[in-house]
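Q: Please see the structure below; I have some questions.
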Amino acid sequence: MTVTLADVAARAQVSPATVSRVLNGNYPVAASTRERVLRAVDELDYVLNGPASALAAATSDLVGILVNDIADPFFGIMAGAIQSEIGGPGGRAGGERLAVVCNTGGSPERELTYLTLLQRQRAAAVVLTGGAVENTAHATAVATKLRKLGEAGTRVVLCGRPPAPADTDAVALTFDNRGGGRELTEHLIGLGHRRMGYIAGPEERTTTRHRLEGHRDALAAHGIADDPARTVHGRYDRRAGYEATIELLRREPGLTAVVAANDTVALGACAALRDSGLRIPDDVSVVGFDDLPFSIDAVPALTTVRLPLADAGARAGRIAMGREEVPPGGIATIRGELMVRGSTGVPKGA
């Protein structure tokens, strides 16, 4: 015999409306009442009719998480933390949301396609992670999509991404990439470095620009010329770091430090330096960014800026589920922490 909503209400000794509120998570319910309803759901093995519920509600039980590359630990850590916050309590049969991770591969077109699909599915929430593409037409198109999602009742959260236009009501948790970039270069300058090569990420990414601006701010503050020949752009991967370092050494064999766009790029830089017969940090210092899990296990351990990726992702998940109150369009800036390790040292002759 099929268990009904009324059966759950009778077992929990509440009204059917209260059961509906608990299962849909769309209205405040006292903790003791919620616990009683969820216990009844478990005992009766009640299964919520998802499609019918979605038709009756403004949104479905779907949550979209957009990432650039799920194989990149930067995105994987955030996506995992977001997902951990969007399920029901203890995995019980009420309040769960189905997380769908959308891997854009860095494609602006695919990003827009996923936003359209999530809009059609009336997603309960959408979380966009990582930097944005610096293209006016694309930014306008994304803002339009976010605005339509918000108008349909979808909560939109940007995690590690610059704020969207205010009228989208999207909440933004932004990383202080500019401040972190400046702090890394300040650290190297403090050690005595003046001839520093910079391996930047893709030119069209906001993260790339902000981290590079921080580096240049530090150079300018100390009266060090920003030589364009000391900057090479590439992808956010190990191979790009390797190839860019070889190119930087070709352009200026006397470099004493390499500033990498992120930790993965820094690993490629370290490999290129070793293959070129150079020691780290005796001959050349290396710094990364993000403090991904492998960074402390590199040899030598990598000096980097730690971004609280898991904490940021978890907070984004709570906001997406309405469990942390943030005003529509609210913006919070998350600072990184300089982690000084063995990959940096005083340059020769300093």
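Q: The conditions are (1) modelled with pLDDT of 90 or more; (2) farther than 22 Å from Arg335 by Cα; (3) hydrophobic (A, V, I, L, M, F, W, C); (4) touching a Lys or Arg at 6+ places or on another chain (Cβ under 9 Å), and Ala152 fails exactly one of them. Which is it?
A: (1)
Q: While we're looking at this one, here's another question. Got a number for residues in the range 320-350 being in a loop (DSSP other than H, G, I, E, B), over 19 Å from the mean Cα position of the chain (by Cα) and within 19 Å of Pro293 (Cβ to Cβ)?
A: Residues meeting the conditions: 4.
Q: For the range 92-120, give me each residue that is within 26 Å of Phe74 (Cβ to Cβ), part of a loop (DSSP other than H, G, I, E, B) and open to solvent by less than 20 Å² (accessible area, probe 1.4 Å).
A: Thr104
Q: Tally the residues that are of a type in the set (A, V, I, L, M) and open to solvent by less than 10 Å² (accessible area, probe 1.4 Å), restricting the search to the range 126-141.
A: From the range 126-141, those of a type in the set (A, V, I, L, M) are 126-128, 132-133, 137, 139, 141; that's our starting set.
Narrowing further to those that are open to solvent by less than 10 Å² (accessible area, probe 1.4 Å): 126-128.
Summing the residues that are of a type in the set (A, V, I, L, M) and open to solvent by less than 10 Å² (accessible area, probe 1.4 Å) in the range 126-141 gives 3.
Q: Still on this structure: Does the range 226-238 include one or more residues that are open to solvent by less than 30 Å² (accessible area, probe 1.4 Å), part of a strand (DSSP E or B) and either touching a strand residue (DSSP E or B) at 6+ places or on another chain (Cβ under 9 Å) or farther than 21 Å from Gly105 by Cα (or both)?
A: Step one: of the range 226-238, the residues open to solvent by less than 30 Å² (accessible area, probe 1.4 Å) are 231-232, 234.
From the residues that got through so far, the ones that are part of a strand (DSSP E or B) too are 231-232.
Retained after the next criterion (residues that are either touching a strand residue (DSSP E or B) at 6+ places or on another chain (Cβ under 9 Å) or farther than 21 Å from Gly105 by Cα (or both)): 231-232.
For the range 226-238, residues open to solvent by less than 30 Å² (accessible area, probe 1.4 Å), part of a strand (DSSP E or B) and either touching a strand residue (DSSP E or B) at 6+ places or on another chain (Cβ under 9 Å) or farther than 21 Å from Gly105 by Cα (or both): present.
Q: Now for a different question. Do we have Ile280 as surrounded by 15 or more Cβ atoms within 10 Å (Cβ to Cβ), in contact (Cβ under 8 Å) with a residue 60 or more places away in the chain, of a type outside the set (Phe, Trp, Tyr) and outside any strand (DSSP E or B) here? Even if it seems obvious, please write down each step before you answer.
A: On the way: surrounded by 15 or more Cβ atoms within 10 Å (Cβ to Cβ): yes; in contact (Cβ under 8 Å) with a residue 60 or more places away in the chain: yes; of a type outside the set (Phe, Trp, Tyr): yes; outside any strand (DSSP E or B): yes.
It is true that Ile280 is surrounded by 15 or more Cβ atoms within 10 Å (Cβ to Cβ), in contact (Cβ under 8 Å) with a residue 60 or more places away in the chain, of a type outside the set (Phe, Trp, Tyr) and outside any strand (DSSP E or B).
Q: Inside the range 143-161, can you point out the residues that are within 11 Å of the chain's Cα centre (by Cα) and of a type outside the set (A, V, I, L, M)?
A: Taking the range 143-161 first, the residues within 11 Å of the chain's Cα centre (by Cα) are 157-161.
Selection gives Cys159, Gly160, Arg161.
Q: In addition: Can we say Ala123 is buried (at least 21 other Cβ atoms within 10 Å of the Cβ), within 25 Å of Asp290 (Cα to Cα) and in contact with a strand residue (DSSP E or B) (Cβ under 7 Å, 6 or more places away or on another chain)?
A: Considered against the rule, which asks whether it is buried (at least 21 other Cβ atoms within 10 Å of the Cβ), within 25 Å of Asp290 (Cα to Cα) and in contact with a strand residue (DSSP E or B) (Cβ under 7 Å, 6 or more places away or on another chain), Ala123 comes out as no.
Q: Also, quick follow-up: Looking at Gly150, Gly192 in this structure, which one is farther than 30 Å from Ala272 by Cβ, open to solvent by 20 Å² or more (accessible area, probe 1.4 Å) and of a type outside the set (Ser, Thr, Tyr)? Break it down stepwise before answering.
A: Details: Gly192 fails: farther than 30 Å from Ala272 by Cβ.
Residue meeting the stated conditions: Gly150.
Q: Further question: Please give the number of the condition Val157 fails out of (1) touching a residue at least 40 places away in the same chain (Cβ under 8 Å); (2) among the β-branched types (Val, Ile, Thr); (3) part of a helix (DSSP H, G or I).
A: (3)
Q: Another question, then. So Arg155 passes all but one of these: (1) open to solvent by 20 Å² or more (accessible area, probe 1.4 Å); (2) charged (D, E, K, R); (3) more than 30 Å from Thr18 (Cα to Cα). Which condition number does it fail?
A: It is condition (3) that Arg155 fails.
Q: Would you mind finding the one in Leu292, Leu267, Leu273, Leu255 that is farther than 30 Å from Gly87 by Cα, assigned to a loop (DSSP other than H, G, I, E, B) and touching a residue at least 24 places away in the same chain (Cβ under 8 Å)?
A: On the way: Leu292 fails: farther than 30 Å from Gly87 by Cα; Leu267 fails: assigned to a loop (DSSP other than H, G, I, E, B); Leu273 fails: assigned to a loop (DSSP other than H, G, I, E, B).
On inspection, the qualifying residue turns out to be Leu255.
Q: Next question. Scan the range 309-316 and tell me whether some residue there is assigned to a loop (DSSP other than H, G, I, E, B), crowded, with 24+ Cβ neighbours inside 10 Å and of a type in the set (A, V, I, L, M, F, W, C).
A: Keep residues of the range 309-316 that are assigned to a loop (DSSP other than H, G, I, E, B), which gives none.
Scanning the range 309-316, I find no residue that is assigned to a loop (DSSP other than H, G, I, E, B), crowded, with 24+ Cβ neighbours inside 10 Å and of a type in the set (A, V, I, L, M, F, W, C), so the answer is no.
Q: Do the conditions hold for Ala221, that is, is it of a type in the set (A, V, I, L, M, F, W, C) and buried (at least 17 other Cβ atoms within 10 Å of the Cβ)? Walk me through how you get there before you give the answer.
A: Numbers: of a type in the set (A, V, I, L, M, F, W, C): yes; buried (at least 17 other Cβ atoms within 10 Å of the Cβ): no.
Against the criterion (of a type in the set (A, V, I, L, M, F, W, C) and buried (at least 17 other Cβ atoms within 10 Å of the Cβ)), Ala221 does not qualify.
Q: Moving to a separate point now. Quick check, is Leu173 open to solvent by less than 70 Å² (accessible area, probe 1.4 Å), touching a strand residue (DSSP E or B) at 6+ places or on another chain (Cβ under 7 Å), aliphatic (A, V, I, L, M) and part of a helix (DSSP H, G or I)? Steps first, please.
A: Values: open to solvent by less than 70 Å² (accessible area, probe 1.4 Å): yes; touching a strand residue (DSSP E or B) at 6+ places or on another chain (Cβ under 7 Å): yes; aliphatic (A, V, I, L, M): yes; part of a helix (DSSP H, G or I): no.
It is false that Leu173 is open to solvent by less than 70 Å² (accessible area, probe 1.4 Å), touching a strand residue (DSSP E or B) at 6+ places or on another chain (Cβ under 7 Å), aliphatic (A, V, I, L, M) and part of a helix (DSSP H, G or I).
Q: Moving on. Mind checking which residues of the range 295-306 are open to solvent by less than 10 Å² (accessible area, probe 1.4 Å) and not in a strand (DSSP E or B)? Let's see the steps before the verdict.
A: Step one: list which residues in the range 295-306 are open to solvent by less than 10 Å² (accessible area, probe 1.4 Å), which gives 295, 302-305.
Hits for the range 295-306 are Ser295, Leu302.
Q: When Leu249 is evaluated against the numbered criteria (1) open to solvent by 10 Å² or more (accessible area, probe 1.4 Å); (2) closer than 15 Å to Asn177 by Cα, which criterion, by number, is the only one it fails?
A: (2)
The values are calculated or read from the model by the stated rules, or taken from the named source; none is laboratory data. Because the structure is a prediction, the values reported are computed rather than measured. For neighbour counting, all protein chains shown are included, and Cβ atoms are generated from backbone atoms with ideal geometry for every residue, glycine included. These area figures cover heavy atoms from the full protein model, side chains too; ligands, DNA and RNA do not enter into them. Shrake-Rupley method; radii C 1.70, N 1.55, O 1.52, S 1.80 Å.
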